[in-house]
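For reference, the structure is listed below as structure tokens.
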Amino acid sequence: MKLLGFNFTKISIEKKDTRVDKLKINTKIDLKEIKEVEQGLFKTKEKLIAINFNYSIEYEPEFAKIYFEGGFVISLESKDAKELLKQWEEKKTPDDIRIKIFNIILRKTNVKALQLEEEIGLPFHVSMPIIRKQDPTNQNTET
């Protein structure tokens, strides 16, 4: 699977409250549409698939919400594309392809969400790595 293009069609962020008591952060990805893209420019054995999605990050209870809509195009082996399109008729997706699709969405939206959270003063929805001083009594020594 190759990512050929990605774009946002809507980005929304709203902070409803200033208190930060016992926040629970929920995320949700919805695939809205999956369809084959007609290839007119170049010929390839792979199929081009367009995917539209919604992704939301909700800070509960009623604290804030970040919302993304967008779409992207991927290329898939013909066999995988046929299986994806067949299952999508019932609003399902093959597990291995769905995981890759969700990872694309998360990679693109989480970077933007972190930037927006910083600008509006929200706690980050994912843990950031931190560096700690090493405990001198807990050093590994190899011989």
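Quick note: the coordinates plus some simple rules give every number you see, no bench work behind them. Bear in mind the structure is a predicted one, so any value in this text is a computation, not a measurement. Note that we place each Cβ from the backbone using ideal geometry, even for glycine, and neighbour counts take in every protein chain shown.
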At the level of C-alpha centres, the distance separating region 81-143 and region 17-33, in angstrom, is 15 Å
Among K28/K112; K47/K86; K22/K108, the pairs whose Cα-Cα distance exceeds 18 Å are K22/K108
At 25 °C and 0.890 mPa s, the Stokes-Einstein diffusion coefficient in µm²/s for region 2-123, with hydrodynamic radius from the Kirkwood sum on alpha carbon pairs, is 155 µm²/s
The farthest towards the positive end of the charge dipole of the chain, of the residues P94, N26, A50, given +1 on Cβ of Lys and Arg and -1 on Cβ of Asp and Glu, is A50
Candidates E69, E117, E38; GNM for the chain (alpha-carbon contacts under 10 Å) flags as most fluctuating E38
Answer in debye to the nearest 20: the dipole magnitude of the chain about its Cα centre, from +1 Lys/Arg and -1 Asp/Glu charges placed on Cβ, is 260 debye
Packing-ranked peptide list from 46-52, 99-105, 5-11, highest mean Cβ count within 10 angstrom first, is 46-52, 99-105, 5-11
